[in-house]
Amino acid sequence: MTLAGQTAIVTGGARGIGKAIALALAGAGARVAICHYQDPQAGATLAELQAHAPALEMSADVADEAQVIGFFDRVEAELGRPGIVVSNAGILHEAPFAETSVEDFDRVIAVNLRGTFLTTREAARRMEKGRILTIASDLGLLGRERLGSYCASKGGVISLTRSLARELAPDILVNAIAPGSVATDMTSPESMSAEALAKDLATPLARFGKPEEIAAMALFLAGPGAGFVTGQVIGVNGGSAMY
Ligand code: NAI
């Protein structure tokens, strides 16, 4: 399978799942652009991408309309019109529901849901044909204590994905990947409580996923083998959610 000649965008592509997806697309020959939030790992990731094909990185907050438009403008000018757009950037905030501040709730919704809206809207405006992928979460289907804002944002991502799949057919196929827990900085002990991490392991496969295991699904969904797949929420989750 080759994506040579195609331009791909991955938001939040400097590390973690986004980086693995960006590298998988670049490995298949795509020119890949990543954005990130002032991520110090972006330069090293860019060098890895450029080993495969032309690439670019840019700090752009996906919650900010002007920055998202500026990022897409630069990608189109330097790498060409995108044919694959992956809305991956996301943040997590863990707190007891009653102690969640309006500011924390709003920031999670702004990055995860408004960020997906802005990214996919820009994709819809500029793509003629192609694939849009969103990165949701199994928690967007299941819900989870102490993660209400995050779960609400990901439930919104799933609904948005389905609506887009209907509206952008047949030229643009739109699917969500709903990962289970994946070993990244987001699931490090600095980011999540021991209780939450223990829950993450209570699945049939009883392990964290690897970013490359999410990237393998993204690569499939971006490629010719997935030409009859749209509007789906595809769990890559070790069995945490079965639907
Ligand atoms: P991570 O924290 O390892 O990396 C996040 C990346 O997004 C970084 O490059 C960061 O700079 C970028 N980013 C954060 N806020 C941004 C913003 N406002 N604008 C632009 N870029 C921004 O995260 P991870 O684990 O790789 O997660 C990626 C996606 O996968 C997220 O949407 C997350 O919710 C989702 N996910 C992750 C799971 C996990 O267990 N790690 C499970 C299910 C879903």
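What follows is calculated from the coordinates using simple rules that are stated; it is not laboratory data. Since the model is a prediction, treat every value here as computed from it, not as a measurement. Every residue, glycine among them, receives a Cβ derived from its backbone with ideal geometry; neighbour counts consider all protein chains shown.
Expressed as an acute angle from 0 to 90° and rounded to the nearest 10, what is the orientation of the C-alpha long axis of helix 115-126 relative to the principal long axis of the chain?
Roughly 20 degrees, rounded to the nearest 10.
Put a dot 7 Å past each Cα toward the Cβ at Arg125 and Met1; how far apart are the dots in nm?
3.0
If all Cα-Cα distances of the chain are sorted into 5 Å bins from 0 onward, what percent lands in each bin, rounded to whole numbers?
1, 7, 15, 20, 21, 17, 11, 6, 2, 0, 0
Given Cβ point charges of +1 (Lys, Arg) and -1 (Asp, Glu) and nothing else, what value in debye, to the nearest 20, does the dipole of the chain about its Cα centre take?
Once rounded to the nearest 20, the dipole reads 740 debye.
At 222 nm, what helix-only mean residue ellipticity would the chain give, in deg cm²/dmol to the nearest 500, using -39500 (n - 2.57) for each DSSP H run of four or more?
Roughly -12500 deg cm²/dmol at 222 nm, from the helical runs in the chain.
Give the angle, between 0 and 90 degrees and rounded to the nearest 10, that separates the Cα long axis of helix 65-79 from the longest principal axis of the Cα atoms of the chain.
Relative to the chain, helix 65-79 is tipped by roughly 40 degrees.
Ignoring GluC sites (Glu not before Pro) that are buried or in helix or strand per DSSP, and keeping those with at most 13 other beta carbon atoms within 10 Å, what is the longest stretch of the chain between them?
Answer from the scan: 1-127.
Please list, in order along the range 35-50, the HN-Hα scalar couplings obtained from phi with the Karplus expression 6.51 cos²θ - 1.76 cosθ + 1.60 (θ = phi - 60°), rounded to whole Hz, x for Gly and Pro.
Running phi through 6.51 cos²θ - 1.76 cosθ + 1.60 with θ = phi - 60° gives 10, 7, 10, 6, 8, x, 7, 5, x, 5, 5, 4, 4, 5, 5, 5 Hz.
By count of other Cβ within 10 Å, fewest leading, how are Ile214, Ile9 ordered?
Ile214, Ile9
List every residue whose amide H lies under 5 Å from the amide H of Ala33, counting only residues 5 or more places away in sequence or on a different chain, with H placed 1.01 Å from N in the peptide plane.
So Ala33 has HN proximity to Ala8, Ile9, Val10, Leu56.
For a test of the definition: using alpha carbon positions, the gyration tensor, and the 1.5 limit on a/c, classify the range 93-150 as rounded, prolate or oblate.
oblate
Report the charge-dipole magnitude of the range 95-224 in Debye, nearest 20, computed about the Cα centre from +1 at each Lys and Arg Cβ and -1 at each Asp and Glu Cβ.
500
How far apart, in nanometres, would the label points at Ala194 and Ser101 be if each is projected 7 angstrom from Cα along the Cα-to-Cβ direction?
Reported label-point gap for Ala194 and Ser101 is 2.7 nm.
Based on Cβ point charges of +1 for Lys and Arg and -1 for Asp and Glu, what charge dipole magnitude is obtained for the range 11-102 about its Cα centre, in debye rounded to the nearest 20?
Here the size comes out at about 400 debye.
Long-range amide H contacts for Val174: which residues qualify at under 5 Å (H placed 1.01 Å from N, peptide plane, sequence gap of 5 or more or a different chain)?
The list, which skips near neighbours in sequence, is Ile132, Gly231.
Name the trypsin sites (Lys or Arg not before Pro) in the range 147-243 that are in a loop by DSSP and that have at most 16 other C-beta atoms within 10 Å, would you?
Counting only loop positions with at most 16 other Cβ atoms within 10 Å, the trypsin sites (Lys or Arg not before Pro) in the range 147-243 are Arg207.
Mind telling me which of Ile21, Ile84, Ile69 comes out most flexible in a GNM of the chain, alpha-carbon contacts under 10 Å?
Result: Ile69 has the largest fluctuation of those listed.
Any idea what diffusion coefficient the range 129-243 gets from Stokes-Einstein, in µm²/s, Kirkwood Rh on alpha carbon pairs, 20 °C, 1.002 mPa s?
146
Toward the positive end of the charge dipole of the chain, about the Cα centre and with charges on Cβ (Lys, Arg +1; Asp, Glu -1), which of Gln50, Ile132, Ile172 goes farthest?
Of the listed residues, the answer is Ile172.
Just to check I understand the Karplus step: with θ = phi - 60° and J = 6.51 cos²θ - 1.76 cosθ + 1.60, what whole-Hz values come out for the range 139-148, glycine and proline as x?
6, x, 9, 8, x, 7, 4, 6, 10, x
Among Ala198, Ala20, Ala53, which one moves the most in a GNM of the chain with springs linking Cα atoms closer than 10 Å?
Of Ala198, Ala20, Ala53, the Gaussian network model singles out Ala198 as fluctuating most.
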